[in-house]
Amino acid sequence: MTMTTVHLLRHGEVHNPEGVLYGRLPGFRLSELGEAMAQMVADDLAGERDGPRADVALVIASPLERAQQTALPLAERFGLTVGSDDRLIEAANHFQGLRFGVGEGSLANPRHWPYLRNPMRPSWGEPYVEQVARMRAAVETARRAVPGREVVLVSHQLPIWVTRLAAEGRRLWHDPRRRQCTLASLTTLRFDGDALVGVGYREPAASLSARASTIPGA
């Protein structure tokens, strides 16, 4: 059978001085640290650090600016152009553009409370099952395009995390604080023909991620 690898890469740190949950809003670029993270991932997959050079044949990103920026140095390293796929976009979220939390955050306002009624769906945004469905479709399209090689899909924390949970047969509702999907991390799906045979995770930019300031995901 043909072994094909799909890496789900989370974007790097975003410039977000107001500390809002930026969601799908335009204009949120990588910070300087985020750009360094993207470069570090490109170096890693190109074999310029400890491991071998990956056989990357396709790089596709969410249409959001931070994902496209994260994909660019990787695509350049492998002589590719960055593709775009709307199915890789961030999860829709009622709290987009707001500060999420108590105190000065949006949770202090009672009008937002009804959106928290069902964390298993979740009631504040795009259902987990819908995120998994679109991400799986993007994965299938990409892996079928380059059988026997490697693909990098640049997306966002929550869509990547629930895709991993589904791949591992775990429940989709979860504590957001326990997601294993840090900035510029790689969640890897390995296929033998059409069968998923392995799920991996690593953090090529871990040394930089420790310095990053993050806003909770969707």
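The values are calculated or read from the model by the stated rules, or taken from the named source; none is laboratory data. These numbers come from a predicted model, not from an experiment. Glycine gets a Cβ as well: all are built from the backbone with ideal geometry, and neighbour counts include every protein chain shown. The accessibility values were calculated without ligands, DNA or RNA, using every heavy atom of the protein model including side chains. Shrake-Rupley method; radii C 1.70, N 1.55, O 1.52, S 1.80 Å.
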Region 138-166, residues that are part of a helix (DSSP H, G or I) and either within 15 Å of the chain's Cα centre (by Cα) or more than 25 Å from Asp55 (Cα to Cα) (or both): Ala138, Val139, Gln157, Leu158, Pro159, Ile160, Trp161, Val162, Thr163, Arg164, Leu165, Ala166
Out of (1) surrounded by fewer than 23 Cβ atoms within 10 Å (Cβ to Cβ); (2) closer than 23 Å to Val162 by Cβ, the one Val41 does not meet is (1)
Looking at region 147-165 only, could you name the residues that are out of contact with any Asp or Glu (no Cβ under 9 Å at 6 or more places or on another chain) and either open to solvent by less than 40 Å² (accessible area, probe 1.4 Å) or hydroxyl-bearing (Ser, Thr, Tyr) (or both)? Val151, Val152, Val154, Ile160, Trp161, Val162, Thr163, Arg164, Leu165
Select from region 74-97 the residues that are open to solvent by 30 Å² or more (accessible area, probe 1.4 Å) and either among the charged types (D, E, K, R) or out of contact with any strand residue (DSSP E or B) (no Cβ under 9 Å at 6 or more places or on another chain) (or both) and list them in ascending order. Glu76, Arg77, Gly79, Asp86, Arg87, Gly97
Qualifying residue in region 25-37 (condition: in contact (Cβ under 8 Å) with a residue 12 or more places away in the chain and within 21 Å of Ala138 (Cα to Cα)): no
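Mind telling me which of the residues Ala57, Ala71, Ala61 ends up being more than 20 Å from Ala206 (Cβ to Cβ), touching a residue at least 60 places away in the same chain (Cβ under 8 Å), crowded, with 23+ Cβ neighbours inside 10 Å and not hydroxyl-bearing (Ser, Thr, Tyr)?
Ala61
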Output the residues belonging to region 178-215 that are farther than 23 Å from Met1 by Cβ, touching a residue at least 12 places away in the same chain (Cβ under 8 Å) and among the charged types (D, E, K, R). Arg179, Arg202, Glu203, Arg211
Residue within region 106-121 that is assigned to a loop (DSSP other than H, G, I, E, B), surrounded by 14 or more Cβ atoms within 10 Å (Cβ to Cβ), at pLDDT below 95 and under 20 Å from the mean Cα position of the chain (by Cα) present: yes
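Residues that are out of contact with any helix residue (DSSP H, G or I) (no Cβ under 8 Å at 6 or more places or on another chain) and within 21 Å of Ala42 (Cβ to Cβ): does region 83-99 have at least one? Even if it seems obvious, please write down each step before you answer.
Residues of region 83-99 that are out of contact with any helix residue (DSSP H, G or I) (no Cβ under 8 Å at 6 or more places or on another chain), as a first pass: 83, 86, 92-93, 96-97.
From what is left, the residues that are within 21 Å of Ala42 (Cβ to Cβ) are 83.
Among the residues of region 83-99, at least one is out of contact with any helix residue (DSSP H, G or I) (no Cβ under 8 Å at 6 or more places or on another chain) and within 21 Å of Ala42 (Cβ to Cβ), which makes the answer yes.
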Filter region 167-191 down to residues that are over 18 Å from Ala206 (Cα atoms) and assigned to a helix (DSSP H, G or I) and give me whichever is most open to solvent (accessible area, probe 1.4 Å). Pro176
Restricting to region 123-137, and then to whatever is within 26 Å of Gly34 (Cβ to Cβ) and part of a loop (DSSP other than H, G, I, E, B), can you tell me which residue is modelled with the lowest pLDDT? Trp124
Consider region 125-178. How many of its residues are aliphatic (A, V, I, L, M), under 21 Å from Ala195 (Cα atoms) and out of contact with any Leu (no Cβ under 8 Å at 6 or more places or on another chain)? 2
Do you know which residues across region 192-211 are under 17 Å from Val154 (Cβ atoms) and in a loop (DSSP other than H, G, I, E, B)? Glu203, Pro204, Ala205
